[in-house]
Amino acid sequence: MDFQVVVLAGGTSKHLVPIVSKEVPNPLLPVANRPVLSYVLELLEASNLKDLIVVVEGQDAAAAVGGWISSAYVDRLHVEVAAVPEDVGTAGALRAIAHHLTADDILVVSGDLVCDVPPGAVAAAHRRHDAVVTSLLCAAPTSGLSETGSSGGKDKAKKPKRCNIIGLDPTRQFLLFVATGSEVEKDIRVQKSILRAFGQMEIRADLMDAHLYAFKRSVLQEVLDQKETFQSIKKDLLPYLVRSQLRSEVSSNGAPQAEENWNEKVASQNNQSFFSQHLANATKPSFQEFYASGPNGSAPASRTHKCCAYIAENSKYCARLNSLQAFSDINRDVIGEASHLSGYSFSVHNNIIHPSAELGSKTTVGPQCMLGEGSQLGDKCSVKRSVIGRHCRIGSNVKIVNSVVMNHVTIGDGCSVQGSVICSNVQLQERVVLKDCLVGAAYVVTAGNEIKGESLARKEKS
């Protein structure tokens, strides 16, 4: 298809502390004992997209990611790893590597995406409509809770999750309106030109921006050059393109024009999964008719562009590992309802126990569990709905429920771990009880401690 592919892998996100570190940056966080980045790379490989630029924030993180890719995908993918400064944002990362972009169309994918929607389908829709941008939209995931009520760490905010507000044409193929973040909690203002041109707009609050986009390179580079303050694709670049599609603001001569006033209001409806609003007379021209004839039946509007949406089927799995809650949820899903994404063959007991793992007497590993290479469990242990990494040493009479235990973890006799994330090289001494906790790499929890809802991490040496 001659698409150039850019994977925005991120770096070491502050909002994923303490499970990320210099040794384990975002792209290498484990999902079912595989780096999360592997899910995107293999999704692209399945669509025969094998020539990739992987953009990583920070030199150290880029070196770690590059080393892993070189060993894991030798002779399978051609990958150039590009390091960019930390905290430049997604649009800033694209701007930093823009000189590498030469193809007519660019496919941009977030490195934390775990999904089974073929990128080739998004690319085909983009070409079919001759769009400047096509965005993959999926059903917004609902965060699952553990038996104990959360998935690790204190739920300090307990605020309702903000959603996207997406405006679509009646065919649900074209993006007419986008509001994200704090905009969702305000009254929404819609351009008059949208109302005049399309007659109807369906407003959706149940769709997630999957951070998989196809862009027309010439327009992408023009906007990145003109709008130097844009940092985010989702919050800055995409809304700008959608907002300007009925004006000549994105033009061939590089001179942005004044924005039209937005003075038609639609009251926002927070926490509602779906609502539809007729914003104007349904007899007005449709989107396709508008592009064919121009407004009011005139000649086609000059220098307009199309912003498209590709909406995944509800049966598709789509989630981003962009929060601590999402880390637990995705690990649970990939050994559960989305096990087809894991790349592993499950046993007749619906679990995965590596052949080199050792189980003690009367130890049970239940369905939707994974036990990694070289790990050992003592006698009378119980593991339910959990992922245990490689080369862990787990004593006797240990209970692990709804948790993720990374590599080289030592857990003493009589411990109980529920709804928690235990990072690599952690040591839990005898009779430790953890409930809804996050334990950072190499932390030691001393014997007999009972801890609930805490984030535990070693202090960084200054």
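Listed values, structure above:
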quantity	calculated
Residues of the range 349-456: accessible area per residue with a 1.4 Å probe, Å²	41
The range 400-462: trypsin sites (Lys or Arg not before Pro) in DSSP loop, at most 10 other beta carbons within 10 Å	459, 461
Long-range HN-HN contacts of residue 433 with modeled amide H, under 5 Å	416, 449, 450, 451
Loop-resident sites, the range 34-78, for GluC sites (Glu not before Pro), counting at most 14 other Cβ within 10 Å (DSSP)	none
Calculated FRET efficiency for the pair residue 171/residue 340, C-beta based, R₀ 35 Å, to 0.05	0.70
Full-stretch length increase - residue 86, residue 17 - with 0.36 nm per residue and alpha-carbon distance subtracted	23.3 nm
Computed label-point distance, nm, for sites residue 98 and residue 50 using a 7 Å Cα→Cβ extension	3.2
Summed side-chain charge close to residue 102 - residues other than residue 102 whose Cβ falls under 14 Å, Lys, Arg +1, Asp, Glu -1	-3
Above-threshold pairs, the threshold being 25 Å between Cα atoms, out of 22/316; 384/452; 14/459	22/316
Projected area averaged over orientations for the range 349-456, convex hull of C-alpha atoms, nm²	5.2
Calculated FRET efficiency for the pair residue 361/residue 124, C-beta based, R₀ 56 Å, to 0.05	0.50
In nm, spacing of pseudo-spin labels at residue 347 and residue 425 (7 Å Cα→C-beta vector)	3.1
Rough spin-label spacing in nm, given labels placed 7 Å along Cα→Cβ, for residue 2 and residue 442	5.1
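The values are calculated or read from the model by the stated rules, or taken from the named source; none is laboratory data. Because the structure is a prediction, the values reported are computed rather than measured. Virtual Cβ from ideal backbone geometry, glycine too; neighbours counted across all protein chains shown. What goes into the accessible areas is simple: the full protein's heavy atoms, side chains included, and nothing from ligands, DNA or RNA. Shrake-Rupley method; radii C 1.70, N 1.55, O 1.52, S 1.80 Å.
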